[in-house]
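Have a look at the structure below before the remarks.
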Amino acid sequence: MEKRVCLSCNSSKSSRWYANKTQCASCNKKEWYLKNKSKALEKSKEWNKNNKEIKKQLNKQWYTNNRKHRLNKNKEFKKNNPEYASKWRKDNLHTINALSAKYRAKKLNATLKGYDEELKLIYKKAKYLEYTDGVFREIHHIIPLQQYSNSVCGLHVPWNLEILTKEEHLKAHEELRKNMEILCRKKKEQ
């Protein structure tokens, strides 16, 4: 049996051949993709939509298998684009704030799954309000995450957050602290 060699990539490893037995399957697939890019992307989107769990597993497996490669690519990108990260942080401060708050809440075991997008929107709205009127806004937990006593501990969820100015935020904390002191005194008296 004669040894076939692909005229496009000079490989002889393929088990399937196309274009009058001169092109390997891999090169044929690439050629088809380049000719039918929009159709291929549409098919890919549809498959991903219909197979979310499989796609998730495949992505996880690919990331595990190519971790070093991705880390090297990321390092290279950061090296070649040093201003990108600081610009992104500046443009997406609401996302940074939301992720930081989520991290702190997670450490306190005070989060619920499924509210990430709603939380990001609250932080984005605060940034927008700050941008429109120039008044610095803070996100206030109506019931604080940190325990003031053994009886009170809030969650990092949308219904426990409100957007306040710095002065309003300080006033709300002072009010809560006073109420907690009164509550603790009443408990001790009983």
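Does the stretch 103-137 hold any residues that are charged (D, E, K, R), modelled with pLDDT under 85 and in a helix (DSSP H, G or I), and which are they?
R104, K106, K107, D116
So which of S38, S100, S11 is in a helix (DSSP H, G or I), farther than 30 Å from H156 by Cα and among the polar types (S, T, N, Q)?
Of S38, S100, S11, the one residue that is in a helix (DSSP H, G or I), farther than 30 Å from H156 by Cα and among the polar types (S, T, N, Q) is S38.
Mind telling me which of the residues L121, L108 ends up being surrounded by 13 or more Cβ atoms within 10 Å (Cβ to Cβ), of a type outside the set (S, T, N, Q) and within 23 Å of E167 (Cα to Cα)?
L121
Looking only at the stretch 51-89, which residues are among the polar types (S, T, N, Q) and under 22 Å from the mean Cα position of the chain (by Cα)?
Those that are among the polar types (S, T, N, Q) and under 22 Å from the mean Cα position of the chain (by Cα): N51, Q57, N59, Q61, T64, N65, N66, N72, N74, N81, S86.
Of all residues being at pLDDT 75 or above and within 20 Å of L99 (Cβ to Cβ) in the stretch 143-158, which is surrounded by the most Cβ atoms within 10 Å (Cβ to Cβ)? Just the residue, please.
Restricting to residues being at pLDDT 75 or above and within 20 Å of L99 (Cβ to Cβ), the top hit is H156.
Checking K127 against (1) of a type outside the set (S, T, Y); (2) without any contact (Cβ under 8 Å) to a residue 40 or more places away in the chain; (3) farther than 28 Å from A85 by Cα, which single condition isn't satisfied?
So the condition that K127 fails would be (3).
Any chance the stretch 21-31 includes a residue that's of a type outside the set (D, E), outside any loop (DSSP other than H, G, I, E, B) and exposed (fewer than 11 other Cβ atoms within 10 Å of the Cβ)?
no
Are any of the residues in the stretch 90-97 exposed (fewer than 11 other Cβ atoms within 10 Å of the Cβ) and either closer than 30 Å to L129 by Cβ or of a type in the set (G, A, S) (or both)?
Checked the stretch 90-97: at least one residue is exposed (fewer than 11 other Cβ atoms within 10 Å of the Cβ) and either closer than 30 Å to L129 by Cβ or of a type in the set (G, A, S) (or both).
Could you figure out which of (1) within 30 Å of Y131 (Cα to Cα); (2) at pLDDT 90 or above isn't true of Q57?
(1)
The values are calculated or read from the model by the stated rules, or taken from the named source; none is laboratory data. This structure is a prediction, so every number in the text was calculated from the model and none was measured. So basically every Cβ, Gly included, is an ideal-geometry build from the backbone, and we count neighbours across all protein chains shown.
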